[in-house]
Ligand SMILES: *Cc1c(COP(=O)(O)O)cnc(C)c1O
C-alpha cells in the first residue's frame, strides 16, 4: 500500500519513504491510498500483548516492511523503557476508562509513538539506500520535544533538533528538555508561541536552497511531529488494544460500541482513534476535547475553522495550539480525497487564517463531537475526581474528563467511554496541586511532587528522578526569524 499527499503533489510513495520524508514536498501530509481493515475481528485481539497488537496494526499500514523488520522495531520500542508490562493500562474510575498512555520514558503519551519512530526511520533509511545523516527537526508544545530527544538520543545516523516556545511550556517540561543527554540532541527555546515554532519548522522544510545546502553536506531533514505517518500509525494500536482489553475483562460484549474522548491539540491522537474506527473497532463518537484554545470546538460546531483569535496559555500547554496540523488529513478524507479542494482550504488558512467546509464534508465528520473546558472547570474536575475516587489526573486528561462529563449530561449517551490519559500528573504537579488546593508554598516543584506522591499513593516515576538530579546542558534561545541559523549552528 502506498501513500499520497493531501495536496496532490505526490502519489505512489512507499510507506518507508513517507516515514523518511515526514512531510510531502508540496507541503501536504501523507495519507494511505486506502484505509486498511484490521487483520481479524476485534475479539481476536483479546489475548494479545501490546507488542503483538502493535505489530498487527502497523503491518496493515507499513506494508513494505518485512515481518522481521517490523517486529524488531516493535520489540525495541515497547520494552523495559515502559514502567508497566501492559504498556498502556486501563484504569476504571468514576464510570469511565482512563487509557493511561504515560508509562513511557518521558511520562506523556508522545512516548507511545516516539519510542518506535527512530527505529522505523532508521529501518526506512536502510531500505531506501539512504546514507545521509537524518536530521530530525521538531517543534514542540512541550511533550514531543522531550520524547523525541529521548527516542533519538545517540541513535547512529541521526541528529535531533527541537524548538519549544520559551514561555509556553511547563517548568518541568523545560527542565526535562534542557537536561537532555546525548551527543546528537539539540534544543532551542524560541521567542514565540507553539504556532510560531511549528510554522518556522515548516518554513525550513520548505526552503529548497537550505535543504540543498544540507544535502551537499550529507544531511537530510525529517520530522518527528505527528504529521509523520511513522508517528501517527503507532498511535492507532492503543485504541485497538484498549478495546480488546475491555472485551477480555468482560467490560464489553463483542461488537459493543464505545466512545473515545481525546484531549486534543494537533489532532494526531484523535485522528489515530478515527483510523482505529475505520479499521473496524466499534467506536461511535469521537469526542474532541479542547482547552480554552477552542478552535476545534467551534469548527465541529459550525464548520468554520478560524485561527484569528488570541493564543491563550493554559495549564494544558501541550494543547495550546490554534493550527491543528493533522486536521488536514480529515479534511482530505472528508472531501472524498479531493486534493485540489484540500490545497485550496489550506491556502485560505494561510492567507486568511480561516476557511469553511461544505455540508458534505461536515456529514463525513458527523462522528466527531467538539467540546472545550475552561481553566476553572479543568481545576474543578481534577479535584472532584480525586475526591470521588482518589485518582489524580493531569490537566490535559482533565480537559477530556470535563468535556466528557458535559457531553454525557447533555446527550444522555451512556455508551462506555475510553478517555485518553495523555500525561502523568507528576509532569504538571504545580497545576495539579493548585487544583487540589494544596499549599504551593514557594512553588518548588520537587516539594510539590513529593506531596503529590503522598496524597495519590503513586511512587514518583523514574522520569522525575532523572530531572531532579541532572545538570542543565542546553541554553540556546532564538528569535523566530533566526531558526534556520540556529539549525545551521547546531549542525556545524
Ligand atoms: C501532545 C499532547 C496532547 C495533544 O495531542 P495531539 O495529538 O497533538 O492532539 C494532549 N495531551 C498531552 C499531554 C500531550 O503531550
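Quick notes
- Per this entry, residue 190 is counted among residues that are away from the ligand (no atom under 16 Å from the Cβ) and surrounded by 22 or more Cβ atoms within 10 Å (Cβ to Cβ).
- In summary, helices (runs of 4 or more DSSP H) completely within the stretch 61-145 and bearing 1 or more residues that are buried (at least 21 other Cβ atoms within 10 Å of the Cβ), under 21 Å from the mean Cα position of the chain (by Cα) and away from the ligand (no atom under 16 Å from the Cβ) occur at 67-77, 117-127.
- Flag for residue 386 being surrounded by fewer than 24 Cβ atoms within 10 Å (Cβ to Cβ) and touching a strand residue (DSSP E or B) at 6+ places or on another chain (Cβ under 7 Å): no
- Helices (runs of 4 or more DSSP H) wholly inside the stretch 255-362 that include at least 1 residues being under 20 Å from the mean Cα position of the chain (by Cα), within 16 Å of the ligand (Cβ to nearest atom) and under 29 Å from residue 431 (Cβ atoms): 268-279, 295-302, 327-334
- Test: residue in the stretch 393-400 that is more than 16 Å from the ligand (Cβ to nearest atom), out of contact with any strand residue (DSSP E or B) (no Cβ under 7 Å at 6 or more places or on another chain) and touching a residue at least 40 places away in the same chain (Cβ under 8 Å): no
- The set of residues in the stretch 204-231 being touching a residue at least 12 places away in the same chain (Cβ under 8 Å) and out of contact with any strand residue (DSSP E or B) (no Cβ under 8 Å at 6 or more places or on another chain) consists of 206, 207, 210, 215, 217, 226, 227, 230, 231.
- Tally, over the stretch 4-52, of residues that are at pLDDT below 95, outside any loop (DSSP other than H, G, I, E, B) and out of contact with any helix residue (DSSP H, G or I) (no Cβ under 8 Å at 6 or more places or on another chain): 1
- Test for residue 403: is it under 24 Å from the mean Cα position of the chain (by Cα) and either assigned to a strand (DSSP E or B) or buried (at least 20 other Cβ atoms within 10 Å of the Cβ) (or both): yes
- Scanning the stretch 441-464 for residues that are assigned to a loop (DSSP other than H, G, I, E, B) and surrounded by 13 or more Cβ atoms within 10 Å (Cβ to Cβ) turns up 458, 460, 461.
- If only residues of the stretch 465-481 that are in a helix (DSSP H, G or I) and touching a helix residue (DSSP H, G or I) at 6+ places or on another chain (Cβ under 9 Å) are counted, the one that is nearest to residue 174 (Cα to Cα) is 467.
- Considered as a group, the residues in the stretch 406-430 that are crowded, with 24+ Cβ neighbours inside 10 Å and assigned to a helix (DSSP H, G or I) include one that is farthest from the ligand (Cβ to nearest atom), and that residue is 429.
The values are calculated or read from the model by the stated rules, or taken from the named source; none is laboratory data. Computed from a prediction, not measured in an experiment: that's the story for all the values here. Using ideal geometry, Cβ is built from the backbone for each residue, glycine included, and neighbour counts are taken over all protein chains shown.
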